[in-house]
Amino acid sequence: MDHLYDPDVQHWLDIAGIFVFAISGALLAVRKNFDVFGIATLAAATGLGGGLFRDVVIGAVPPAAFTDLGYFVTPLIAAVFVFFLHPHVERINKAVNVFDAAGLGLFCVTGTIKAHEYGLGLPASAALGLATAAGGGVLRDVLANEVPSLLRWDREIYAVPAVVGASAVALLIHLGELNPLTMTLAAALGFVLRLLALTYGWRAPRAWRRHSTAADEG
Amino acid sequence: MDHLYDPDVQHWLDIAGIFVFAISGALLAVRKNFDVFGIATLAAATGLGGGLFRDVVIGAVPPAAFTDLGYFVTPLIAAVFVFFLHPHVERINKAVNVFDAAGLGLFCVTGTIKAHEYGLGLPASAALGLATAAGGGVLRDVLANEVPSLLRWDREIYAVPAVVGASAVALLIHLGELNPLTMTLAAALGFVLRLLALTYGWRAPRAWRRHSTAADEG
Amino acid sequence: MDHLYDPDVQHWLDIAGIFVFAISGALLAVRKNFDVFGIATLAAATGLGGGLFRDVVIGAVPPAAFTDLGYFVTPLIAAVFVFFLHPHVERINKAVNVFDAAGLGLFCVTGTIKAHEYGLGLPASAALGLATAAGGGVLRDVLANEVPSLLRWDREIYAVPAVVGASAVALLIHLGELNPLTMTLAAALGFVLRLLALTYGWRAPRAWRRHSTAADEG
C-alpha cells in the first residue's frame, strides 16, 4: 500500500493482518453454527472489509482486496484452518487476541497512510485508519446479526488503541517524521494499548450517569 | 454541495442537518447502553451515512464527509452533547423530532440536486435524495442491531415526506424552475409532511389483507 | 452489461433477474410485517444490491441500477405485485424459488463478465460474480435483521451453484471460449445446481466435528 517499508515486508505484514482478522471471523461463524461457506464468507468479510471500505471511500478502485491474489486467498486459508482445527483455535483464543491486536496496530497505520496518499486531510486520514482497523470486525458482527463489539460497553476498548495509533501517524506526517522506525513505533503503540486493555479489562464509560438514571436495556 | 444558495448558508444548513441526525444516533446508542465510543460511532454513522452512500454511488469520492472538517467534527460534538446531557435531550425528544424532520427536508433536497449535478437522471436523482435523507437512519438501526424504523409499519411514515420533497425538486429541475425560493419550498414540504405524520400518527398500510390473512411475526 | 448476447436480450434477462430477486425481498418484508414502503425498499435492495456492490467495487459509477430506468422501476413493480397478491405469491413459493435460481445463474455469469471487463483478474471476477448473485439476498436479510440465509447451515446451499457458475465463466474467458452458447451453459449450470440443491435438500457441512464438540447456539 505505501512504500515506506520494503514493499515485500509491507505485503507480508498486510497478509498477516488479514489472516488474523479472518481467523476471528471464522471463529464467530463456527460459534454461530454457520456452514463451511458461511465460515469462508465471514472470514473474508472480516479480513478484507476494513480495507475495502477505505478503498471505496478514497476512490482506490478496484480495491486491493480484488487486485492482489494473496489478499484474496488468505481469508480462505484462514477459513480452512478454522474449519478443521477450531477446537484448538478456540483453546488458543488468547493467541488469536494477540494477533488481532497486531492486526489493529498495523491496519490503523497503513490505513491512515494510504488515505493521506489519496489526498485526504490528516483528521480524515486518521478516521479512515480507524475504519480500516475496525471496519472488518463491524461488518463481521453485522453479518452475524450481533451488536458490533466495537460499540458495546462490556467489551475491552478497541477504538481507542486504533485512534491513538492512527493519530500518531497523522502527527508524524504533519511533522515530516514518518519513516519505517516511527511508523513501527506507531503500530506498536496501538498494539500495546490493545494488549493492555485486554489484560487489565479496560472499558470505556457509558453516558454520564447512564448507570444510575436508567435501567439497562442493552 | 450545490451553489443555489449562498455557499455559506448551504454549508451551515448541512451542518445543522448532520447535527440533528447525529443526535438521534447518539440517543439510540445511549438507549442501547453503548460506551462513549459507541455513542460517537453511531452519531457519525447516522449524521454522515446518507451523504456517504450518495457520494460513493455517484462517484463523488472522497466524499464530502471526509473532505470538510466541519462535517467531520459535527457528529463528535453531538456525541459529547448527548454523553453529558442525555436525560435532558431525552426529555426534549419532541424538539429532536422537529430537528430531524428539518434534516429530512433539507437532505432530500440537497441529495437530489447533487446527484443530478453528477449526471444522474431525474428519477434516479430523486431516489438518491431519499437515500441521502433516510440512509443515515437505516445505517444507525442496522449497526444497533434493530429493524430499521424506516421499514416498520408501527412507526410514522418517513419515506413519503422524503420522496415527496425529492420528487418536487426533480420536477422543479425538469421545469427549469429550481431557485433558492422553490428549493426552500420543497424542503419545507418534506419538513411539514413529516411533522404532520408525527403529529397525527400517520402510518402506511401493510400488505393488502396482511392483517387478516396471517398472524403477525414482526 | 456485456454485449455477448444481443443487448436487448441481455437487458430483458437482467430485468427478469432483478424482478425475481425483488419478489423474494418483498415477500420477506410482508412476513416481517413491514409497511408498503418497507416492502418497496426491501424489494429494491434485494433486486439491485448485488449489482450495486459490484459496480461500486469495480468503479462503474454511477451504477447501472441508477442509470437505467428499467432496472430502477422493476423492483417497484415487484413490490406492487406482492403488495396486492402476496397470499397467491406465497402459495406459488416454489415458482419463486425457480425464478430466484434463474436469477442466480444469470447474475453470477453477467457479474463475472462485467468485473473482468473492468480489468479485474479472473479469480477476483468470479468472486464478484458470486457477490452479484448473492449480495442482494445478504442485504435483504441484514436490513430485515435476520441472519443471512447465505450463511446458515440449515438452508440449502446457495453459494456453491453461484461459485460454480462464476468459475465456469472465468475458465471460459481463460480458454477464450466465451460466447453466447457457453455463457448460457454456464448460467444453466448454476441454475440447475441450485434447483437440485432445493429438490434434494443439499446442505453444506458445518465445521469439522462441530455437531459433536459443542452445543448449538445458532
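The values are calculated or read from the model by the stated rules, or taken from the named source; none is laboratory data. On a predicted model such as this, the values are computed, not experimentally measured, just so you know. No Cβ is skipped: glycine too gets one built from the backbone with ideal geometry, and neighbour counts run over all protein chains shown. Only protein heavy atoms, including side chains, enter the accessible area calculation; ligands, DNA and RNA are left aside. Shrake-Rupley method; radii C 1.70, N 1.55, O 1.52, S 1.80 Å.
Nothing charged except the Cβ atoms of Lys and Arg (+1) and of Asp and Glu (-1): what's the magnitude of the dipole of the protein assembly as shown about its Cα centre? Round to the nearest 20 debye. Could the numbers behind the result be given before it?
Details: 42 positive and 51 negative charges, 395 e Å.
Taking the Cα centre of the protein assembly as shown as origin, the dipole is about 1900 debye.
For segment A:88-194, what does the convex hull of the Cα positions come to per residue, in cubic angstrom?
Hull volume normalised by residue count: 107 Å³.
For B:Asp154, place a label point 7 Å out from Cα along the Cα→Cβ vector, do the same in each other copy, and report the separations in nm, one decimal, smallest first.
For B:Asp154, the inter-copy label distances come out at 2.4, 2.4 nm.
Taking the label point 7 Å from Cα in the Cβ direction, how far apart in nm is C:Pro205 from each other copy of itself, listed shortest first?
Spacings between copies for this position, smallest first, are 5.2, 5.2 nm.
Could you pull the Cα extents of segment A:10-88 along its three principal axes, largest to smallest, in whole Å?
39, 22, 15
If you average the sequence gap of Cα pairs under 8 Å that are 6 or more apart and divide by the length of chain B, what percent do you get for the contact order?
22
From the square roots a ≥ b ≥ c of the eigenvalues of the alpha-carbon gyration tensor of segment C:70-134, which class results: rounded (a/c under 1.5), prolate (a/b over b/c), or oblate?
prolate
Provide an ascending nm list, one decimal, of label-point separations from A:Pro87 to the equivalent residue in each further copy; define each label point as 7 Å from Cα along Cα→Cβ.
Taking the point 7 Å beyond Cα along Cα→Cβ, the inter-copy spacings are 5.2, 5.2 nm.
Between A:Leu76 and A:Arg91, 0.36 nm times their residue separation minus their Cα-Cα distance comes to what?
Gain on extension, A:Leu76 to A:Arg91, equals 3.3 nm.
With springs connecting C-alpha atoms under 10 Å apart, model chain C as a Gaussian network and identify which of C:Val80, C:Val169, C:Val61 has the largest mean-square fluctuation.
Its mean-square fluctuation being the largest, the pick is C:Val61.
So how strong a dipole does segment C:7-202 carry about its Cα centre when Lys and Arg Cβ are +1 and Asp and Glu Cβ are -1, to the nearest 20 debye?
360
Can you grab the distance from the C-alpha centre of segment A:124-141 to the C-alpha centre of segment B:108-145, Å, no decimals?
Here the answer is 23 Å between Cα centres.
Using alpha carbons only, what's the Rg to Rh ratio of segment B:46-95 with Rh from Kirkwood? Don't skip to the answer; put the middle values down first.
Working: Rg = 14.0 Å, Rh = 12.3 Å.
Here Rg/Rh amounts to 1.14.
Rolling a 1.4 angstrom probe over the protein heavy atoms, how many square angstrom per residue are accessible across chain A?
41
Taking just the C-alpha trace of the protein assembly as shown, give me its Rg and Dmax in Å.
Just the Cα atoms of the protein assembly as shown yield Rg and Dmax of 23.9, 69 Å.
Report, to the nearest whole %, how much of the accessible area of chain A belongs to carbon and sulfur atoms, 1.4 Å probe, protein only. Display every interim value, and only then the final one.
Numbers: 5960 of 8890 Å².
Looking at chain A in its full context, I get 67 percent from C and S.
Could you compute how much accessible area chains A and B hide from each other, both sides summed, with a 1.4 Å probe? Nearest 100 Å² is fine.
Using a 1.4 Å probe, the pair buries roughly 2500 Å².
What are the ³J(HN,Hα) couplings of segment A:69-78, residue after residue, when phi is run through the Karplus curve with 6.51, -1.76, 1.60 and θ = phi - 60°? Round to Hz, x for glycine and proline.
Using θ = phi - 60°, the values come out as 4, x, 4, 7, 7, 3, x, 5, 5, 4 Hz.
Within a Cβ distance under 15 Å of A:Thr74, other residues only, what is the Lys/Arg minus Asp/Glu net charge?
Once all neighbours under 15 Å are counted, the net charge is -3.
With the dipole of chain A worked out from charges on the C-beta (+1 for Lys and Arg, -1 for Asp and Glu) around the Cα centre, which of A:Gly129, A:Leu195, A:Phe83 lies farthest toward the positive end?
Projecting each Cα onto the dipole axis, the largest value belongs to A:Leu195.
For C:Leu42, what charge total do you get from the other residues with a beta carbon under 14 Å from its beta carbon, if Lys and Arg give +1 and Asp and Glu give -1? Don't skip to the answer; put the middle values down first.
Numbers: positive: B:Arg152, B:Arg206, C:Arg31, C:Lys32, C:Arg140; negative: B:Asp141, C:Asp35, C:Asp141, C:Glu146.
Result for the neighbourhood of C:Leu42: +1.
Report Rg (one decimal) and Dmax (nearest whole number) for segment A:144-209, counting Cα atoms only, units Å.
Reported Rg and Dmax, both Å: 14.5, 44.
So how much accessible area does C:Trp153 have, in Å² to the nearest 10, using a 1.4 Å probe?
C:Trp153 has an accessible surface of roughly 80 Å² with all protein chains in place.
Skipping prolines and chain starts, which residues have an amide H placed within reach, meaning under 5 Å, of the one on B:Ala207, given they are 5 or more residues away or on another chain?
Here the answer is none, since no amide H 5 or more places off falls under 5 Å of that of B:Ala207.
Cα atoms only, segment A:7-203: Rg and Dmax in Å?
15.8, 49
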